[in-house]
Amino acid sequence: MKKERVYAAVIGGGASGMLCAIRAAERHPDRRIVILEKADRVGKKLLVTGNGRCNLSNLSAGAKNYHGEGSEKLINILYENYSPEAVLETFHTLGLLSRPDSEGRVYPLSNQASSVLDVIRRRLRELSVEERCNADIRGIQKSGGGYEVYTADGVICADRLVIASGGHADYAGRESGSRDILRLLGLSTVKPTPSLSPVNVSGDLLKPLKGVRAGAEATLIQNGRAVKTERGEVQFTENALSGICIFNLSREANRFGGEISLNLLPDYNSEQITDELTVRVQRDPDAPASEIFTGMLHKNLGLSLLKASGVKPSRPCKDISNKELSNLCRHLTDWRFVCEKSRDFRKAQVTAGGVRLSEIDPRTFEAKKHRGLYLIGEALDIDGDCGGYNLQFAFASGLCAGDCL
């Protein structure tokens, strides 16, 4: 079997892996560094992030934006030297111009994700980093002071090995086998679940709402306790709730289930809403109940709320009892949807779970049990909120590990 020796092998040609390879090659210009990517080219997932615009960082990124046991400690240490500003300066040296929006999300000035990948690949070529695409990794084992990576084409003997194999779903939403690599190394992991994804919910009122969007305050409730609240636009599908505010609840909802409560009028209190509905009933008592939300909500949303409250849309407003009016008010401010636990990664942007953070040195990303082995990006049990936080971590962890190889 063909064997070849390299200084560092990086498994995974995504955001973290490519930045790690660049920094390592800059520090060791005379040593061979190879990226092993299972897809037919590196950076494919990067091209579809941010709807093709690539939200590459967020100026407000901090420990509060990340999840996973031990994430607070890790982020506080990592961002001492690899803050959003430091990551953006690295990209500036690569030739990328970027700009933040009003909420601190950073995009390439061109608004094209391809610009980010272009400057990265240009630097990889300048540093003679090898890109091995369509890499079929069959096994990994320690050998002497390094690692042997078994592929369909032979064995790569590496002094340093970096696992940057990404999450459980790849750029096309197809399930990835990257977790098999981690198990081969005997590392303790947290079971992966989809995050930053729609949340599947049960109920027969969703189908008429397909395509409807509404501003709302969304709260995840588990065991009778409010776990997290997000505010923004909710998008309804045939069997799920979606939108950024729902994405930020999906980590816990997909893992443990629970209920999502929607407050469709978060700027009004219950008394104000009751008064408003009473005025509408009195203004046109003979109008059908289906018109009570005219000017307030999307028509289909109003019809579903009436059904959820037990009020027939064809009934005249004057026949709506005080109890029913109170029920309508309750649904406007606390409309409950039962979440279904999910391990469907096809629409997930991020994977929650991975190698436990306790397995690595937070200052180097080197595995505590295996010298010369580094784990970065989504291979680890850390995931961020929606808004550039996950790419920021991917780039920062890649740079840190690259500096320590």
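Over the stretch 223-296, what is the relative contact order in whole percent, taking alpha-carbon pairs under 8 Å and six or more residues apart? Present the calculation step by step, with values, prior to reporting the outcome.
Details: 28 pairs, mean separation 12.7, N = 74.
In percent, rounded to a whole number, it is 17.
Per-atom-type breakdown for the stretch 333-376 gives carbon and sulfur 43% of the accessible area (1.4 Å probe, protein chains only).
Result for the chain in a Gaussian network model with C-alpha springs under 10 Å: among GLU37, GLU259, GLU80, the largest mean-square fluctuation is at GLU80.
How charged is the neighbourhood of ARG53? Take every other residue with its Cβ under 12 Å from the Cβ of ARG53, and add Lys/Arg as +1 and Asp/Glu as -1. Spelling it out: positives minus negatives among the neighbours equals +1. Sorting the segments 185-191, 84-90 by their residues' average number of neighbouring beta-carbon atoms within 10 angstrom, most packed first, yields 84-90, 185-191.
Just to confirm a number: summing +1 for Lys and Arg and -1 for Asp and Glu over residues other than SER188 whose beta-carbon lies under 12 angstrom from that of SER188, what do you get? Present the calculation step by step, with values, prior to reporting the outcome.
Numbers: positive: ARG183, LYS191, ARG356, LYS368, LYS369; negative: GLU69, GLU359, ASP381.
Summing Lys and Arg as +1 and Asp and Glu as -1 gives +2.
Return the carbon/sulfur percentage of the accessible area of the stretch 1-157, one whole number, probe 1.4 Å, all protein chains in place. The nonpolar share, carbon plus sulfur, comes to 44 percent.
Given R₀ = 41 Å, FRET efficiency for ALA214-LYS2 by Cβ-Cβ distance, to 0.05?
0.10
When the C-alpha to C-alpha distance is required to be over 26 Å, the pairs from LYS2/LYS369; LYS45/LYS299; LYS44/LYS347 that qualify are LYS2/LYS369; LYS45/LYS299. Straightening the chain between GLU130 and LEU47 buys 27.9 nm, computed as 0.36 nm per residue apart minus the Cα-Cα spacing. With respect to the chain, whose longest principal axis is taken over its alpha-carbon atoms, helix 389-404 is tilted by about 20°. One decimal place: the segment ARG283-TYR150 gains 40.2 nm when fully extended, by the rule 0.36 nm per residue minus the C-alpha distance. The residues neighbouring ARG283, those whose beta-carbon lies less than 12 Å from its own, together hold a net charge of -2 under the Lys/Arg +1, Asp/Glu -1 convention.
In this simple spin-label approximation, GLU259 and GLU72 carry label points 7 Å from Cα along the Cα→Cβ vector, and these lie 2.9 nm apart. Relative contact order, whole percent, for the stretch 273-382 stands at 20, derived from Cα pairs under 8 Å and 6 or more residues apart. Peptides 285-297, 233-245 ranked from most to least packed, by the mean per-residue count of other Cβ atoms within 10 Å: 233-245, 285-297. Counted residue by residue at 0.36 nm each, then reduced by the alpha carbon distance between them, the extension gain from ARG315 to SER114 reaches 66.8 nm.
The dipole here belongs to the stretch 52-150: it is taken about the Cα centre, uses +1 on the Cβ of Lys and Arg and -1 on the Cβ of Asp and Glu, and is about 200 debye. For the stretch 264-313 and the stretch 316-387, what is the separation of their Cα centres, given in Å? One Cα centre to the other: 32 Å. The relative contact order of the chain, computed from alpha carbon pairs under 8 Å that lie at least 6 residues apart in sequence, is 25 percent. Accessible area per residue for the chain is 45 Å², calculated with a 1.4 Å probe on protein heavy atoms, without ligands, DNA or RNA. Positive end of the dipole of the chain (Cβ unit charges, origin at the Cα centre): among ALA379, GLY186, LEU391, the Cα lying farthest that way belongs to GLY186.
Excluding same-chain neighbours fewer than eight residues apart, the aspartates and glutamates reachable from LYS207 by a Cα-Cα span under 19 Å are GLU233, GLU238, GLU259, GLU340. Taking the accessible area of the stretch 216-329, probe 1.4 Å, and keeping the other protein chains in place, the carbon and sulfur fraction comes to 45%.
In what sequence, highest mean first, do 154-165, 212-223, 375-386 appear when ranked by Cβ atoms within 10 angstrom?
375-386, 154-165, 212-223
The values are calculated or read from the model by the stated rules, or taken from the named source; none is laboratory data. This structure is a prediction, so every number in the text was calculated from the model and none was measured. So basically every Cβ, Gly included, is an ideal-geometry build from the backbone, and we count neighbours across all protein chains shown. Remember, those area values only see protein heavy atoms, side chains included, never the ligands or the DNA or RNA. Shrake-Rupley method; radii C 1.70, N 1.55, O 1.52, S 1.80 Å.
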